[in-house]
Amino acid sequence: MKYQAWTWKAVEGRVLEMADTLRKVPGYYGPKEFGSPAIDAVPSKEEAYGYNTARFKESASAGELGRMEQVWAWVNSYLSEPERKLIYAWSWVKVRKGMKIAAFAAENDMSDRMLRREIVKLCSIIANNLNQITLVRLNSEDCSLSENEGESDQSDVTSNNCGTIRQNGIAFGMTADARPMLDLSSPELAALNQRLMEGNQRREREARRRAKLEAA
């Protein structure tokens, strides 16, 4: 499966889904919510089952609840406290009836366009962090270097002479010219080290960029 980079639009959709899932979760009102265990009396047969209009309350699925918790982790990890409050409140207004976005923007001393730009910026910060984590940790070209093939021969190592002295299949010593199994001068190890250094540099640049945005 080929990795598809996160975009701010995709993150925005997940944030709105998170708020909509939270809307579906029933609130807790205490023991009085359940009422009396007695069955309601039916005065007459005309008021039996089907007399009143059937009501259905939408509920969240297990997948929606799992994705909701995932978005919470994104927002709480990558955004500052004022940014978290803004995006949570904005998403809650978007999925509920009542307050308009224009009124919400006015309450936060912003116009509609300013609010929209701020939401796009916050979603972009989350998307950039998600892409950075995936590219550095999961989608790197050097990931194959850290994986062992299922049918690999463990005796096939970089060094030509491991120097292990065995007797009856048991290692009990090393020769004088023994060398380690991992060749520190191998080009594969040098490439892996270079990739890790570049990944660390990208994370540092992103951290400095976020710090400037928060200070602005």
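The values are calculated or read from the model by the stated rules, or taken from the named source; none is laboratory data. If you're wondering where the values come from, they're calculated on a predicted model, not measured in any experiment. Virtual Cβ from ideal backbone geometry, glycine too; neighbours counted across all protein chains shown. All accessible areas refer to the heavy atoms of the entire protein, side chains included, with ligands and DNA or RNA removed. Shrake-Rupley method; radii C 1.70, N 1.55, O 1.52, S 1.80 Å.
So which of S77, S91 is surrounded by fewer than 16 Cβ atoms within 10 Å (Cβ to Cβ), among the hydroxyl-bearing types (S, T, Y) and part of a helix (DSSP H, G or I)? So that I can check it myself, show each step before the final result.
On the way: S91 fails: surrounded by fewer than 16 Cβ atoms within 10 Å (Cβ to Cβ).
Going through S77, S91 in turn, the sole match is S77.
Read through the list (1) under 20 Å from I126 (Cα atoms); (2) of a type in the set (F, W, Y); (3) modelled with pLDDT under 90, then give the number of the only condition that Y51 fails.
(1)
Cβ-Cβ distance below 9 Å, separation of 6 or more or different chains: which pairs start in the stretch 178-202 with a residue that is modelled with pLDDT of 75 or more and end on one that is loosely packed, with under 13 Cβ neighbours inside 10 Å and of a type in the set (S, T, N, Q)?
Partner pairs satisfying both residue conditions: L192/S146.
Only one of G63, G98, G30 is more than 30 Å from I119 (Cα to Cα), open to solvent by less than 70 Å² (accessible area, probe 1.4 Å) and modelled with pLDDT under 95; which?
One residue alone meets the criteria, G30.
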